[in-house]
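Step one of this worksheet: look at the structure below.
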């Protein structure tokens, strides 16, 4: 009888340890101090400054059609959008330069796309075009490319054609985080001119929307680690855990009862 009681107690302890609290699997949980659903969002994130390896999309409109053709690719049928940017975009080399038709090399490392646009416009107006009204230049990043790994619906690298993407949107594009994923400590590995830095954010609190890392940047690596409960291999929900442990307890109890009768 004591053995049966010990087994039941042990099963209860394992079940309690393996259960995931509701607050740890809820996105953007409001605190007790929250009066309503309105919160103060963070200020507009600072503009992204390009780095080595980035590819820029530069488009030019001008009266001089020959000059326009140098910048704007004619486009190849059957080529995907990503491939088009790869072949026709302006890649930033290891020295932080891009090679632009007619203008040669331009150093753009650490500059925003708006700053790069102004540099190109000034060079063109100085050497090729006399009237500013005859020129229109656009400089953009070909979307936001990021990588997702870990406990997610689907891992992999994605490219979103948008100016701004939040961490929630990025994870939603990967199918979300299952119950076995740790929402309280999502890791972002971000590229900086001096190297990589690791940042941690908690997606279970609504305060994450005020975090400087709420919006992702190009080349971010997002990692969601599994919860310790997954290592136990018991179940992803309370009902699954209870059912599994109940089966084990029933089996062990039957074995003990049969052994005592022999």
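Where a number appears in this text, it was derived from the coordinates with a stated rule and is not lab data. Predicted, not measured: the structure shown is a model, and the values here were computed from it. Counting neighbours? That spans all protein chains shown, and the Cβs are built from the backbone with ideal geometry, glycine included.
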**Study point:** Reciprocal mean inverse distance between Cα atoms of the range 78-194 - Kirkwood radius, Å
**Key:** 17.3 Å
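Peptides 187-193, 217-223: what's the order by average Cβ count within 10 Å, highest mean first? Walk me through the intermediate numbers first.
Details: 187-193: 15.0, 217-223: 19.7.
In decreasing order of mean packing, 187-193, 217-223 become 217-223, 187-193.
Return 128, 48, 215 ranked ascending by Cβ neighbour count within 10 Å, so the fewest neighbours appear first.
Listing 128, 48, 215 from fewest to most nearby Cβ atoms yields 128, 48, 215.
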